[in-house]
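Novice: Next up is a structure, given as structure tokens.
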Protein chains: 2
Amino acid sequence: MLEKSENIKHLSEEIERLVIDNDIKKLREFEETHYPQDIAEALEKLDEKIIIIALRLFTNDTSSEIFPHLDADIQEEIINKMSSKQISELFSDLYTDDIVDILEEMPSNIVKKVLRSSTPEARAQINNILKYNDDTAGSIMSVDYTRFKVDWTVTEAIEKIRERNEESEDHNTFYVVDDLNNLKGTVELKDLVFSKGNLKLSEIMDERVLFAFTKDDQETVIDKFKKYDITTLPVINIQQKLVGIVTVDDVLDVIEEEVTEDIHKMAGISPTDDEYFKTSIWKMVRSRSIWLMFLMISATLSQIIISMFMRIYSVNQTNNGQSSANEISYIITMFLTPLLTVISGTTGNAGSQSSTMIVRALSLKEVETKDFARVLWKEFRVALITGLILISVNFVRMVVIYSIETKGNLNDPRIWYTIATLSISMYLSVIMAKVIGGTLPILAKKLKLDPAVMAAPLLTTIVDALSTAIFFSIGLIFFAQYI
Amino acid sequence: MLEKSENIKHLSEEIERLVIDNDIKKLREFEETHYPQDIAEALEKLDEKIIIIALRLFTNDTSSEIFPHLDADIQEEIINKMSSKQISELFSDLYTDDIVDILEEMPSNIVKKVLRSSTPEARAQINNILKYNDDTAGSIMSVDYTRFKVDWTVTEAIEKIRERNEESEDHNTFYVVDDLNNLKGTVELKDLVFSKGNLKLSEIMDERVLFAFTKDDQETVIDKFKKYDITTLPVINIQQKLVGIVTVDDVLDVIEEEVTEDIHKMAGISPTDDEYFKTSIWKMVRSRSIWLMFLMISATLSQIIISMFMRIYSVNQTNNGQSSANEISYIITMFLTPLLTVISGTTGNAGSQSSTMIVRALSLKEVETKDFARVLWKEFRVALITGLILISVNFVRMVVIYSIETKGNLNDPRIWYTIATLSISMYLSVIMAKVIGGTLPILAKKLKLDPAVMAAPLLTTIVDALSTAIFFSIGLIFFAQYI
């Protein structure tokens, strides 16, 4: 018993040999003993001509299981080179949701080619799914499910399953509808197997039906899978007719997508659907520039604040004569300015810890908008203690630095004023940053804005501005005598 | 057909009434028409005494389906108040992985009480799972699965399923082992149903067995579920004996945990397992302080760099006499210092965009460590263009600000030197930040460190130091004449 995925390179070589030798018997054996996912991975390493021949030599069943797992670029080239008939054969055994996943990555000429090669029925189904907005239940559902009528017997239902066999994506849960196609209940294969053949489905079905509407956000769908530990969820339209199912394997993919989107947003990147290396330079520039520009422009705020304080510090420069002017310049350049990135960095980090925690807790529904005051209070208390720890460590840090710089002579009172300024302003700033960081995402959600977007990037700007303002204000108190 | 989850408050009131009226008949009806998840949610809103009575009035089956979905605090109080016998009844119908999940949240006295109340067999199973390290396949597996012998017939297998009925967590996939309990294949219920009764399982089983080892990281398990679109995965020990299964609903929970951990790490928060409101203030302080301290201490680097440049700028102060000293102080305080947060903020954001993208791409395996050079080259090109856009916008921004400040008189050459300094240093810094941000996580992974930890927090420190150094270096070139 050896895990196959370890030896993709071996598999590639084996397939290549079998294809070149046209060894159908061995190929049959090969496809029965390997997973389509692994075969797809192995094929991707081969020449495109070999891939096309291999897909033709494998049984139709296997080929259509392999195809959805191939790289989009390779899929595109294969479709490009195939005849209408070949496409029709390949796609006829694919589940509709897989076809839709494939087509969504393709340029429009390829989409048209595939649709032209499909049966009118398949075309209608595909178009039907393609019309749903991205990120809705409708866009991720499959129409390959098995539907029973409520007045069928157990025996009739089992016969139906046998008939449909490979056409259904899920073989374990079945949906029971009335004559108007309204969803009435679900039946598990297990229950069919262990029930008397002449019982009506209405007698054995589970009437506690969970469902999603086609237009529901895919996050709603994810939440139901998580909460109810289900493996399929029926999808109904606005007239409450059953139109499709979502399976748990698609939900795993969707979770990944949603999480990536959230993580990117928190870093100020507009979401793109594509993988890193498949995203063009231009698309990447676009998804990153917008927020960077916005943040740079809003950094004007802290620039203005610092300028303002520089003027306040120097306001009496001309009045008090040269020596005082020199003195205050020296204080600003030698004592205060070097600390700017320390204060803004530390406060920024403290704030983004809080905002990140809350954004994630909001998306897991551990925190709701009604918890505003509770979060504020909790963050405030955490900040009180964290701040104390930070300024204690900072005190030691500062004393060490100044001891080294002055070779142990810490008599200069300006050193102590600087330490006091940084300590007090860091304490106040950390509290401010944690309280704002914790509540800003909740506020965003209340205003129906995206908490993830409001998290890190915007917060940094606000916190930068406030922390520098606090820093120089406190400085004014201690250094007033020098101005 | 109404979604039950909408009316939790109604449900609570209904349960309370039925419990107080001791209306067993209606309660039976109630439990059959509602999901245990919803009943648990409704119970949580009631008084604890009512919850305990309700759990006693519901059938054992229902109660043990409800219990795992209750809040950990409520579970604890209930166990506390129950007799050994009651606990034994409640837990005897729970799946082992649910018991383990519950016990992991409980204080040790509660764990002991539950273990004392369990049968020796159950106790051995629970202890067996509890001994596996967190985050391994062993720690998330369930031992409630159905195992067939390879030489059984289809009829024998179906009979076994009927017997075990509720004791198995998965009713659709079954595992086939030899006499030594080595995993040989899997059988789907569907295949049993549609096969002749006298066939041997060895003839119909799928021999392409996927599995995980007990000690495998749970991420490996997640990856297999994603890749192979499976709903269960068998777990084997080092002797290759089948010891448990992981089901997809547990995988959904684990994915959530792993993602939260990654997101927290990227924000410099040491991972905690608990929900936001359940994490104590002290635990939160601890999980946040460590990185904040570390980052604050490493900000010493940029502090020293700025101090150093301040000295370089002022080095000739005494030599050149008073007017030059005044001049350079003025330049530093009025032109350069206010831009410090602009340059460090923008560069920091640019860098964390890249590092966040790469950390996520690494965890999705879109990017591998061998892609170091490819990422570097891509980030470099993205940075070349993004940087150009940024400094163009910045140019306009600066001209506007200075126009307002000087009331339109832009004749002062120092204004233009400042704009040039910021533009050039921002361009270089953004390129530097994106290249470091993109490659640092890959480097971390190569060194077997956690890319998520190396991402945002540490990057900011590095980028802060470098960008201020670049800024003041470029400034030296333009303002050399004033020094």
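The values are calculated or read from the model by the stated rules, or taken from the named source; none is laboratory data. No experiment lies behind these values; they were computed from the predicted model shown. For neighbour counting, all protein chains shown are included, and Cβ atoms are generated from backbone atoms with ideal geometry for every residue, glycine included.
Novice: Can you find even one residue in segment A:182-190 that is within 13 Å of another protein chain (Cβ to nearest Cβ) and within 14 Å of A:Val243 (Cβ to Cβ)?
Specialist: yes
Novice: Turning to a different aspect of this structure: Out of A:Val246, A:Val251, A:Val235, I need the residue that is within 11 Å of another protein chain (Cβ to nearest Cβ) and buried (at least 23 other Cβ atoms within 10 Å of the Cβ). Which one?
Specialist: Working: A:Val246 fails: within 11 Å of another protein chain (Cβ to nearest Cβ); A:Val235 fails: within 11 Å of another protein chain (Cβ to nearest Cβ).
Testing whether each residue is within 11 Å of another protein chain (Cβ to nearest Cβ) and buried (at least 23 other Cβ atoms within 10 Å of the Cβ) leaves just A:Val251.
Novice: Turning to a different aspect of this structure: Answer yes or no as to whether B:Asp191 is out of contact with any helix residue (DSSP H, G or I) (no Cβ under 7 Å at 6 or more places or on another chain), assigned by the TED database to the domain that holds B:Glu219 and either part of a helix (DSSP H, G or I) or free of Cβ contacts under 8 Å to residues at least 40 places away in the same chain (or both).
Specialist: It is false that B:Asp191 is out of contact with any helix residue (DSSP H, G or I) (no Cβ under 7 Å at 6 or more places or on another chain), assigned by the TED database to the domain that holds B:Glu219 and either part of a helix (DSSP H, G or I) or free of Cβ contacts under 8 Å to residues at least 40 places away in the same chain (or both).
Novice: Still on this model: Could you please give the count of residues in segment B:208-219 that are out of contact with any helix residue (DSSP H, G or I) (no Cβ under 7 Å at 6 or more places or on another chain) and surrounded by fewer than 16 Cβ atoms within 10 Å (Cβ to Cβ)? Steps first, answer last, please.
Specialist: Residues of segment B:208-219 out of contact with any helix residue (DSSP H, G or I) (no Cβ under 7 Å at 6 or more places or on another chain): B:209, B:211, B:217.
Okay, now just the ones that are also surrounded by fewer than 16 Cβ atoms within 10 Å (Cβ to Cβ), so B:217.
Qualifying residue count, segment B:208-219: 1.
Novice: When A:Arg208 is evaluated against the numbered criteria (1) assigned to a loop (DSSP other than H, G, I, E, B); (2) closer than 30 Å to A:Ile462 by Cβ; (3) facing chain B (nearest Cβ under 7 Å), which criterion, by number, is the only one it fails?
Specialist: (2)
Novice: Run down B:Lys26, B:Lys45 and say which single residue is away from every other protein chain (no Cβ under 14 Å), over 33 Å from the mean Cα position of the chain (by Cα) and farther than 23 Å from A:Phe225 by Cβ. Break it down stepwise before answering.
Specialist: Details: B:Lys45 fails: over 33 Å from the mean Cα position of the chain (by Cα).
Testing whether each residue is away from every other protein chain (no Cβ under 14 Å), over 33 Å from the mean Cα position of the chain (by Cα) and farther than 23 Å from A:Phe225 by Cβ leaves just B:Lys26.
Novice: With respect to B:Glu405, is the statement that it is among the acidic types (Asp, Glu) and touching a helix residue (DSSP H, G or I) at 6+ places or on another chain (Cβ under 6 Å) true? Give the derivation first.
Specialist: On the way: among the acidic types (Asp, Glu): yes; touching a helix residue (DSSP H, G or I) at 6+ places or on another chain (Cβ under 6 Å): no.
For B:Glu405, the condition - among the acidic types (Asp, Glu) and touching a helix residue (DSSP H, G or I) at 6+ places or on another chain (Cβ under 6 Å) - is not met.
Novice: Still on this structure, please answer the following. Within segment A:72-113, count every residue that is closer than 12 Å to A:Ile52 by Cα and of a type in the set (Val, Ile, Thr).
Specialist: Total meeting the criteria: 4.
Novice: Among the residues of segment B:254-286, what is the count of those that are assigned to a helix (DSSP H, G or I) and more than 9 Å from chain A (Cβ to nearest Cβ)? Full working, then the answer.
Specialist: Initial filter on segment B:254-286 (assigned to a helix (DSSP H, G or I)): B:254-266, B:276-278, B:281-286.
Then keep just the ones that are more than 9 Å from chain A (Cβ to nearest Cβ); that gives B:254, B:257-258, B:261, B:265, B:283, B:286.
Residues meeting the conditions: 7.
Novice: Just wondering, is there one or more residues in segment B:344-364 that are more than 7 Å from every other protein chain (Cβ to nearest Cβ), surrounded by fewer than 24 Cβ atoms within 10 Å (Cβ to Cβ) and modelled with pLDDT under 95?
Specialist: As a first pass, look at segment B:344-364 and keep what is more than 7 Å from every other protein chain (Cβ to nearest Cβ): B:347-348, B:351, B:354-355, B:358-359, B:362-363.
Imposing the further condition that a residue be surrounded by fewer than 24 Cβ atoms within 10 Å (Cβ to Cβ) reduces the set to B:362-363.
So of that shortlist, the ones also modelled with pLDDT under 95 come out as B:362-363.
Yes; the residues of segment B:344-364 include at least one that is more than 7 Å from every other protein chain (Cβ to nearest Cβ), surrounded by fewer than 24 Cβ atoms within 10 Å (Cβ to Cβ) and modelled with pLDDT under 95.
Novice: In segment A:150-172, what residues are in contact with an Asp or Glu (Cβ under 7 Å, 6 or more places away or on another chain) and modelled with pLDDT of 90 or more?
Specialist: A:Val150
Novice: Between A:Leu422, A:Leu443, which is modelled with pLDDT under 95 and either out of contact with any helix residue (DSSP H, G or I) (no Cβ under 9 Å at 6 or more places or on another chain) or of a type outside the set (Val, Ile, Thr) (or both)? Break it down into steps so the answer makes sense when it comes.
Specialist: On the way: A:Leu422 fails: modelled with pLDDT under 95.
Going through A:Leu422, A:Leu443 in turn, the sole match is A:Leu443.
Novice: Which of (1) surrounded by 21 or more Cβ atoms within 10 Å (Cβ to Cβ); (2) outside any helix (DSSP H, G or I); (3) of a type outside the set (A, V, I, L, M) is the odd one out, the single condition B:Lys448 does not satisfy?
Specialist: (1)
Novice: Give just the number: which of (1) under 28 Å from the mean Cα position of the chain (by Cα); (2) within 7 Å of another protein chain (Cβ to nearest Cβ) does A:Thr333 not satisfy?
Specialist: (1)
Novice: Any residue in segment A:187-205 that is in contact with a His (Cβ under 8 Å, 6 or more places away or on another chain) and crowded, with 21+ Cβ neighbours inside 10 Å?
Specialist: First, pick out the residues of segment A:187-205 that are in contact with a His (Cβ under 8 Å, 6 or more places away or on another chain): A:188-190.
Add one more test, that the residue is crowded, with 21+ Cβ neighbours inside 10 Å, and what stays is A:189.
Yes, segment A:187-205 contains a residue that is in contact with a His (Cβ under 8 Å, 6 or more places away or on another chain) and crowded, with 21+ Cβ neighbours inside 10 Å.
Novice: State all residues of segment A:361-383 that are in contact (Cβ under 8 Å) with a residue 24 or more places away in the chain and part of a helix (DSSP H, G or I); if no residue qualifies, say none.
Specialist: Going through segment A:361-383, the residues in contact (Cβ under 8 Å) with a residue 24 or more places away in the chain turn out to be A:362-363, A:365, A:367, A:369, A:371-372, A:375-376, A:378-380, A:382-383.
Answer for segment A:361-383, where residues must be in contact (Cβ under 8 Å) with a residue 24 or more places away in the chain and part of a helix (DSSP H, G or I): A:Leu362, A:Ser363, A:Thr369, A:Asp371, A:Phe372, A:Val375, A:Leu376, A:Lys378, A:Glu379, A:Phe380, A:Val382, A:Ala383.
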